[in-house]
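Working notes for the structure below.
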Amino acid sequence: PLHDALPIYGYRFRIIRPSNLEKGFYEKFSPNIDIVDHSYKAIKESKFIISSSGTATVELAILGVPYLIIYKLNSLSWHILKRMVKIDFVGMVNILSGRKIVDELLQKQANPKKIASITLEYLKNSKKYFGLKEELKGIGNILSPLNATEKFADFIGNYLKLT
């Protein structure tokens, strides 16, 4: 259980809190997990991150921090979205590259056992861990030059055939 927040392989869990959520929201889950404010310093200090899908995953790629994407919606919303949006991935990095770079656990796959299993695979297997770091470096190189946001928006628009 997370309430113990014991170190695993020398690592401790912590929550990087987005500014729009109160610290108290997380404190009810476990008094022993550190809750830190969102900052690039906090992200860069992290060995591995478990993140929901979204723009945060692009930040993680640019910063070169390995991560796992989890995403879970209620069943009705999920089925509606699957019919409306025809893409192979939910993670921006995977969409950008057209292939799976970062593992994605969606819906029923986004369960504690699977999340822990994949996270530990990366923490215990340095070849897998540094392989992901290299892949992210390539994505980071694409996104980090000037006008990265505009280039990213153009790519998504073209990919979804909006432009």
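The values are calculated or read from the model by the stated rules, or taken from the named source; none is laboratory data. Note that the coordinates shown come from a computational prediction; the quantities given were computed from them, not determined experimentally. Every residue, glycine among them, receives a Cβ derived from its backbone with ideal geometry; neighbour counts consider all protein chains shown. Accessible surface is based on the protein model in full, side chains and every heavy atom, while ligands, DNA and RNA are left aside. Shrake-Rupley method; radii C 1.70, N 1.55, O 1.52, S 1.80 Å.
Taking all protein chains together and rolling a 1.4 Å probe, S39 ends up with roughly 40 Å² accessible. With K and R counted +1 and D and E -1, the other residues having a Cβ less than 15 Å from that of N125 yield a net charge of +1. Neighbours of V65, meaning other residues whose beta-carbon lies under 10 angstrom from its beta-carbon, give a summed charge of +1 when Lys and Arg score +1 and Asp and Glu score -1. Annotation for the stretch 6-102: GluC sites (Glu not before Pro) lying in DSSP loop with at most 12 further Cβ atoms inside 10 Å of their Cβ are E22.
Above 14 Å lies some portion of the pair distances; for the stretch 59-122, what is it as a whole percent of all C-alpha pairs? All intermediate terms of the calculation are to be shown ahead of the outcome.
On the way: 1268 of 2016 pairs.
That tail contains 63 percent of the Cα-Cα pairs.
Pairs K28/K127; K82/K133; K23/K47; K44/K114; K47/K86: which exceed 26 Å Cα-Cα? Intermediate results must be reported in sequence, preceding the final value.
Details: K28/K127 36 Å; K82/K133 30 Å; K23/K47 22 Å; K44/K114 24 Å; K47/K86 33 Å.
With Cα atoms farther than 26 Å apart: K28/K127; K82/K133; K47/K86.
Our note on the geometry: Cα centres of the stretch 93-131 and the stretch 11-84, 14 Å apart. Expressed as a whole percent, the accessible surface of the stretch 46-98 that belongs to carbon and sulfur atoms is 58, based on a 1.4 Å probe. Please list the non-local residues whose amide H lies under 5 Å from the amide H of L68, H modeled 1.01 Å from N, same-chain partners needing a gap of 5 or more. Those qualifying (amide H under 5 Å, at least 5 residues apart or on another chain) are I49, I50, S51.
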